[in-house]
Amino acid sequence: MTDNDYNNKVATALGTIGTILWCVQLLPQIYTNYRRKSTEGLPQLMLLLWAFAGVLFGMYFLIQRPNVPLMIQPEVFTFLSLVTWAQCLYYGSRFSFIKTLVIVSLTGAFSAGLQVAVIISLQNSALCDSNKTSICWPLLLIGIIAALLIVIGLVPPYFELWRRQGQVVGINFFFLAIDSTGAILSFASLLFPQTDEDGNPEQNDYLGMVLYLLVPFMEAGIVASHFVWWLRIGRYLERTDTDVEKSRSLSEGAVKQVERQ
C-alpha cells in the first residue's frame, strides 16, 4: 500500500465517522426536549440558522458530489434542525400542534424548492462546468455562507449564558460532545493529503478546516462557561438543596416520633 492509498483510506474513514456523527448529533437534544417538554435555554435562532445552513451545504455537496455520506449529511442535518426548531415553537412559544406543523412544513418545502432551483441553475450554468480545475464562484460563496451560518448559530447560546450568569440551561451536553467530536474527526481527515483517481493531489479544503475548528472551539466555550458557573454558584446551590432536604427529613422524623408518643 502506497502512502497515497493509506492517506486516502484514513481520511475517508475519519471523514465518514465525522459525517455520521454530524448526522445524529441533534438526536440527544431532541430526546431531552421531548422528555422535559421544554426548550427553555435553547435558542430558536440557532436551529433556524442551522437548518438554512444545511440547505446551503446540501446545494454545495450535491453539485460537487464528493461521496454519498457528504451528500446525505446536510439533508439529515436540515431535517433534524427543523424538528428541533418545531419543538421550540411547540414547547417554548406555545404554538398549537397544527400551527407548528404548518410553519415547519412550509419552511421545509420552501427550503427544498430553493435547493432544487439553485442546483439546477448552477449545473446548467457556464460558471460551474465539469472541469475540476476551475472554481465555481457561486458555489464557493454558498459554501462560505453555509459555514458562517453554522458558526453564527452558536452565538445565541452565549446570550443565554450571559442572562443566566454562565449557567447552561436546556442544551444537552451529549449533543455538544457528539457535534464537537464529529467536527474534530472531520478536521483530522483533512490533515491527510489525498489524491484523485489519476494520482494528482487534491486541493486543501481550507473552508472546511476553519469550520471544523470553530465549532468545537465555540462549543467548548459553552461547556467551560457552565463549569465556571458551577464553581462560582452551582456547587453552593447543591449544598443548600442538600441541607434543606436533610432538615426536612429530620423534621418529618421528629413529627413521626412525637405522633408515636
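With θ taken as phi - 60° and the Karplus curve 6.51 cos²θ - 1.76 cosθ + 1.60 applied, the whole-hertz 3J(HN,Hα) list for the stretch 221-230 is x, 5, 5, 5, 4, 5, 5, 5, 4, 5 Hz, x standing for glycine and proline. Summary of the geometry: the stretch 214-233 and the stretch 136-167, compared by the centres of their Cα atoms, lie 17 Å apart.
One decimal place: the segment Trp230-Ile120 gains 34.5 nm when fully extended, by the rule 0.36 nm per residue minus the C-alpha distance. Please identify which residues in the stretch 48-62 have an amide N closer than 11 Å to a label point set 7 Å out from the Cα of Ser93, following the Cα→Cβ vector. Output list for this probe position: 48. Applying 1/(1 + (r/R0)^6) with r as the Cβ-Cβ distance of Tyr31 and Leu140 and R0 = 45 angstrom yields a FRET efficiency of 0.80.
Each Lys or Arg adds one and each Asp or Glu takes one away; over the other residues whose Cβ falls under 11 Å from the Cβ of Leu154, this sums to -2. Measuring nothing but how far apart in sequence close Cα pairs (under 8 Å, 6+ apart) lie, relative to its length, the stretch 1-128 scores a relative contact order of 30 percent.
Throughout, read-outs are computed from the coordinates displayed, never taken from laboratory work. Here the structure is a predicted model, which is why all the values come from computation and not from measurement. Positions of Cβ are generated from backbone atoms using ideal geometry, with glycine treated the same way; all protein chains shown enter the neighbour counts.
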